[in-house]
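Student: Pasting in a structure now, in structure tokens, and then I'll have a few things to ask.
The values are calculated or read from the model by the stated rules, or taken from the named source; none is laboratory data. Being a predicted model, the structure only gives us computed values, none of them experimental. Surface accessibility is based on the protein's heavy atoms, side chains included, excluding ligands, DNA and RNA. Shrake-Rupley method; radii C 1.70, N 1.55, O 1.52, S 1.80 Å.
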Amino acid sequence: MRELSLNILDVAQNSITAGASLITVEVLENTEEHTLLIGIYDDGKGMSEEQVKSVVDPFYTTRTTRKVGMGIPLFKMAAEMTGGSLEIKSRLSVGTEVRALFKTDSVDFTPLGDVASTVVMLITMNTDRDFIYRRGVDSNEFVLDTREIKKILGDVPLDTYEVSEWLKDYINENTNDLYGGAENEN
């Protein structure tokens, strides 16, 4: 995939398909160590040990509409090409954790892309789920939690245009603040 935000979307979609009601997406950068950790965690149906081992195989998929599943294998390859790694932990009836570590100073580091739009799309297209988005740079971070937003908004749905625009602006502003007010996210 051309941007890591698309990998985030793919893995989060797997969480939705697995019946998760709470999905956490974290993007944590350490500028001193030149690393980026992307984690997607859910409370879905989980996977057996055998499924966890198989999920990195591009010729394994649980989908019935096609015979290959490239999302996790491509995510793993992107991480490993930078000298990083991908780890999957899962327990049946508990959920799944996917963590990818990237070396950001590698020539093979894939651009992060538009994570704000990815997160907003996940939230507004899945209003029956809850999402936590945690974004950090070094020791600074912010957290967006749809459970808190739903309490504040009351009956106003998360998929209205005004709310989706506010979410995107909120994420972009806070991300820019993490980089000292810089105009662009990595």
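Student: With springs only between Cα atoms under 10 Å, which of Phe142, Phe131, Phe102 fluctuates most in a Gaussian network model of the chain?
Tutor: Of the options given, Phe142 has the highest mean-square fluctuation.
Student: So, one more: Residue by residue, what Karplus-based ³J(HN,Hα) values in Hz, rounded to whole numbers, does segment 132-146 have, using 6.51, -1.76 and 1.60 with θ = phi - 60° and x for Gly and Pro?
Tutor: Result, rounded to whole Hz: 10, 10, 10, 10, x, 10, 6, 8, 9, 7, 9, 10, 10, 10, 5.
Student: Report, by chain and number, residues whose modeled amide H sits under 5 Å from the one on Val137, excluding near sequence neighbours (fewer than 5 apart, same chain).
Tutor: Glu29
Student: Can you list residues whose amide H is under 5 Å from Thr35's amide H, if they're 5+ apart or on another chain and H is modeled 1.01 Å from N?
Tutor: Long-range HN contacts for Thr35: Asn30, Thr104.
Student: Top to bottom by accessible area (1.4 Å), largest first, where do Glu29, Glu87 land? Can you show the working numbers first?
Tutor: Numbers: Glu29 25, Glu87 80 Å².
From most exposed to least exposed: Glu87, Glu29.
Student: Picking from Leu22, Leu122, Leu153, which is most flexible by a Gaussian network model of the chain using Cα springs under 10 Å?
Tutor: Greatest mean-square fluctuation among the candidates belongs to Leu153.
Student: Something else now. So what does log10 I(q)/I(0) come out to for segment 68-112 at q = 0.24 Å⁻¹, using the Debye formula with one equal point on every Cα and no solvent?
Tutor: Treating every Cα as an identical point scatterer, log10 I(q)/I(0) equals -0.82.
Student: For the chain, what's the radius of gyration and Dmax over Cα atoms, in angstrom?
Tutor: Using the Cα atoms of the chain, the pair Rg, Dmax is 16.4, 47 Å.
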